[in-house]
Amino acid sequence: MDPSSLTNLQLDALRELGNIGAGNAATALSIMLSCFVDMDVPKAVPVSIYDLAEYYGDPMEMVSAVFVRSEGEFTCSLIFIQNTEEGNRLVDLLISKQMEGMDPADVPDEMRDSALTEIGNIILSSFLNAINVLIGGAHSISVPGLAHDMLGSILDVVASIYGQFGEFALIVDTSLKIGGEEGGVSGKVVMLPDPGSFEVLLGKLQVL
Amino acid sequence: MSKAHHVGMAEMTVVSSPESLVTLGLGSCIGLVLYDQTAKVAGMAHIMLPDSRGAKEKALEKPGKFADTAIPLLIEQVCRRGAVRSRLKAKMAGGSQMFALPGAQTDFLAVGSRNSAETTEILKKMGISLVASDTGGNKGRTVEFSTQTWMLSVRVLGKGTSEI
């Protein structure tokens, strides 16, 4: 199924799925960091692969992204993406909450990267778990990959993945705000279902 | 500063000296430049995938998307602007694999290396010499080709800019 031919009802169903997934991810994050995590209303939008690079703004923005693939009946790509500075602050927050007495500035870069990868992994796995509970079936999730790079390059990779299927990618995204208004950290959870898995998903939700 | 033309995903653009060609944030895609210094003409393609076999008809509306459809068309377009085919030279950058996920079924994540291999192969078949390339690795690239120095500057975050 081509993402551009999804009906409004189907997009609504996918948005609700994003809501359930992101809600579970926000809860996991909130427990891990023992702080408030707010989320906005998820969006589900079919985007032309040719417009993807600029979909989130300046392609030259420096971002940190954690990427995983879900395999099995429902295949999709999941990305947790943040401005690199916000990513650094999230790691600081984790270190100060979980490793008492340790100054985040003393932690070596490799360990910071590993911490960020793990935060991303927990967010994305929780997102996927909520969906799995909802639609059933067996799923596995890949080892997470981390990149600090230009936003455009990250989306370029996404465009080449979905360009192999067709001309559109379906983006289901939710912004998370971690730690309240003052000094909070934001990040985006992005799910891109593979075109072959729409049928599975929408069938289970009975809106095919 | 002369005008810089931005070449978007799957697009192809041809310019004459002194204008330049820019592509922001290449990941697994390839920025390929074909140029003729004597005729002062250069063209850039932003190639996404190695080959168009198996692609749906709709995808072929964007010939710049695939290496096998982009390269012949780019040759035709630069020649139409006055370049001479036998004088054409090529430079390229991109084709990185930004995420390595061990154990996952990630053929489509390794598309970067297939892109650069296929582009190199097609250029060779068409008798165009590839004078410089910067491909592979796991970092994104922003490239700019100058039709004054005929150099391709490649910017990588955290590593700075190099000219090839």
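The values are calculated or read from the model by the stated rules, or taken from the named source; none is laboratory data. Treat the numbers as computed from the prediction; the structure is a model and nothing was measured. Virtual Cβ from ideal backbone geometry, glycine too; neighbours counted across all protein chains shown. Ligands, DNA and RNA are stripped out before the accessible areas are found, and what is left, the full protein with its side chains, is counted by its heavy atoms. Shrake-Rupley method; radii C 1.70, N 1.55, O 1.52, S 1.80 Å.
For a straight C-alpha distance cut-off of 20 angstrom, the aspartates and glutamates reachable from residue A:177 (same-chain residues fewer than eight places away being disregarded) are A:16, A:38, A:40, A:61, A:85, A:86, A:92, A:118. Accessible area of residue B:98 (1.4 Å probe, protein heavy atoms only, ligands and nucleic acids ignored): about 10 Å².
With a 10 Å cut-off around each Cβ of B:90-100, the average count of Cβ atoms from other chains is 4.
Separation of the alpha carbons by more than 26 angstrom is noted, of B:124/B:159; B:91/B:159; B:40/B:124; B:65/B:159; A:97/A:188; B:62/B:159, for B:124/B:159; B:65/B:159; B:62/B:159. Quick test of the membrane-span-like rule: which DSSP H helices of chain A reach at least 30 Å along their long axis (C-alpha atoms) with mean Kyte hydropathy at least 0.0? Taking the DSSP H segments of chain A (at least 30 Å long, mean hydropathy at least 0.0), we get A:8-33, A:109-135. Using the Cβ of residue A:136 as centre and a radius below 14 Å, the other residues enclosed give a net charge of 0, where K and R count +1 and D and E count -1.
Partners of residue B:89 within straight-line reach, counting aspartates and glutamates whose Cα lies under 13 Å from its Cα and excluding those fewer than 8 residues away in the same chain: B:36. Mind running the shape call on region B:4-163? Use the C-alpha gyration tensor, a ≥ b ≥ c as the square roots of the eigenvalues: rounded below 1.5 for a/c, prolate if a/b tops b/c, oblate otherwise. Because a/c hits 1.5 or more and a/b fails to exceed b/c, region B:4-163 counts as oblate. By accessible area, using a 1.4 Å probe on protein heavy atoms only, region A:1-136 has 53% of its surface on carbon and sulfur.
Working from the Cα coordinates of the protein assembly as shown, the gyration tensor eigenvalues give, after taking √(5λ), semi-axes of 39, 25, 16 Å in decreasing order. Taking all protein chains together, A:35, B:29 sort by accessible area into A:35, B:29, largest first [probe 1.4 Å]. Counting Cβ atoms of other protein chains within 10 Å of each Cβ in A:47-53 and taking the mean gives 4.
For residue A:55, the accessible surface of its heavy atoms amounts to roughly 80 Å² (probe 1.4 Å, protein chains only, rounded to the nearest 10). A cut-off of 5 Å between modelled amide H atoms, ignoring neighbours fewer than 5 places along the same chain, links residue B:134 with B:92, B:93, B:94.
Taking all protein chains together, B:134, A:58, B:36 sort by accessible area into A:58, B:134, B:36, largest first [probe 1.4 Å].
Protection proxy ranking of A:134-146, B:13-25, by the mean of other Cβ atoms within 10 Å over each peptide's residues and highest first, is B:13-25, A:134-146.
Rounded to the nearest 500, the 222 nm mean residue ellipticity of the protein assembly as shown from helices alone is -11000 deg cm²/dmol, with -39,500 (n - 2.57) taken per DSSP H run of at least 4 residues. Neighbouring Cβ atoms from other chains, within 10 Å of the Cβ of residues in B:25-34, number 5 on average.
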